[in-house]
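Below is one structure, written out as structure tokens, with a few remarks after it.
The values are calculated or read from the model by the stated rules, or taken from the named source; none is laboratory data. It should be emphasised that the depicted structure is a prediction, and the values quoted were computed from it without experimental measurement. With ideal geometry, Cβ positions are generated from the backbone for all residues, glycine too; neighbour counts draw on all protein chains shown.
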């Protein structure tokens, strides 16, 4: 019995010890968990603080860079420092395609004659230029040799003959608004191409038909294209202004009555014999 009682008592004591140990272990585990959570929170706070500090540092660096740029741009009045400018002394060279006294077509102004070559200083740069004379407008113009591609030589006789055939053909008038057509005609005139000029003259020509109304802008465009074509014809064919105008008008069927009257008067004057003075 004694042994049995001892065993029972020993088991009870063991159970009590185990219970105490489990309680102690639970408390220890709780403390450990709490300490871990505290550490994690602290780490999160530190990370957030680092991020904020990095952002502040970056902003400061940006502000400092901008200020440094502004300071470099600012020049104090007492110590004025002018930046060094490398001046180009000469223009890029090109071969001269035209000579002095050559006739040339400048698209915006028409036919002009090269009077001389000149070197001109523009902002410390030497620029070689053609100097053109426009006799009709009584004006001079300058074209740099670098931009001589804008000029064109006078047309050939074959091109003149083709222009006359264009003038004799039927006009091609579109049914669009006049404002749009006027822009197209203006673009053709300013292109400087001889065939385009002939087309504008043909399309805007009204001939001797006085019944057809023609607006001021139509007349202006017609006269502009007609005058440019006339001057080019005159120089190429080596004719007077009257003879060149007669050729153009015949192709366009303009002023035919006046021309016929002049021919008739010439024929009558040639038929009448010259009166000889009688001497006693």
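Details
- Taken over region 184-216, the criterion of being loosely packed, with under 12 Cβ neighbours inside 10 Å and modelled with pLDDT of 90 or more is satisfied by 187 alone.
- Checking each residue in region 141-150 for being free of Cβ contacts under 8 Å to residues at least 24 places away in the same chain and surrounded by 11 or more Cβ atoms within 10 Å (Cβ to Cβ) picks out only 147.
- Taking (1) surrounded by fewer than 14 Cβ atoms within 10 Å (Cβ to Cβ); (2) within 16 Å of residue 103 (Cα to Cα); (3) without any contact (Cβ under 8 Å) to a residue 40 or more places away in the chain in turn, residue 153 satisfies each apart from (3).
- Check on residue 180, farther than 19 Å from residue 254 by Cβ, exposed (fewer than 12 other Cβ atoms within 10 Å of the Cβ) and within 22 Å of the chain's Cα centre (by Cα): yes
Residues checked against (1) under 19 Å from residue 228 (Cβ atoms); (2) assigned by TED's automatic domain parsing to the domain that holds residue 231; (3) part of a helix (DSSP H, G or I); (4) modelled with pLDDT of 85 or more:
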site: 56; (1), (2), (3), (4): no, no, yes, yes
site: 65; (1), (2), (3), (4): no, no, yes, no
site: 82; (1), (2), (3), (4): no, no, no, no
site: 112; (1), (2), (3), (4): yes, no, no, yes
site: 121; (1), (2), (3), (4): no, no, no, no
site: 136; (1), (2), (3), (4): yes, no, no, no
site: 141; (1), (2), (3), (4): yes, no, no, yes
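- Qualifying residue in region 185-202 (condition: without any contact (Cβ under 8 Å) to a residue 12 or more places away in the chain and touching a strand residue (DSSP E or B) at 6+ places or on another chain (Cβ under 6 Å)): no
- Condition check for residue 168: assigned by TED's automatic domain parsing to the domain that holds residue 237, more than 25 Å from the chain's Cα centre (by Cα), at negative phi and in contact (Cβ under 8 Å) with a residue 60 or more places away in the chain: yes
- Whichever residue in region 90-110 is more than 25 Å from the chain's Cα centre (by Cα) and not in a strand (DSSP E or B) and, among such residues, is modelled with the lowest pLDDT: 95
- For residue 173: the one exception among (1) exposed (fewer than 11 other Cβ atoms within 10 Å of the Cβ); (2) touching a helix residue (DSSP H, G or I) at 6+ places or on another chain (Cβ under 8 Å); (3) within 15 Å of residue 111 (Cα to Cα): (3)
- Residues of region 107-139 satisfying the condition of being out of contact with any strand residue (DSSP E or B) (no Cβ under 6 Å at 6 or more places or on another chain) and without any contact (Cβ under 8 Å) to a residue 40 or more places away in the chain: 117, 121, 122, 123, 124, 125, 135, 137, 138, 139
- Residue within region 219-232 that is more than 19 Å from residue 110 (Cα to Cα) and surrounded by 12 or more Cβ atoms within 10 Å (Cβ to Cβ) present: no
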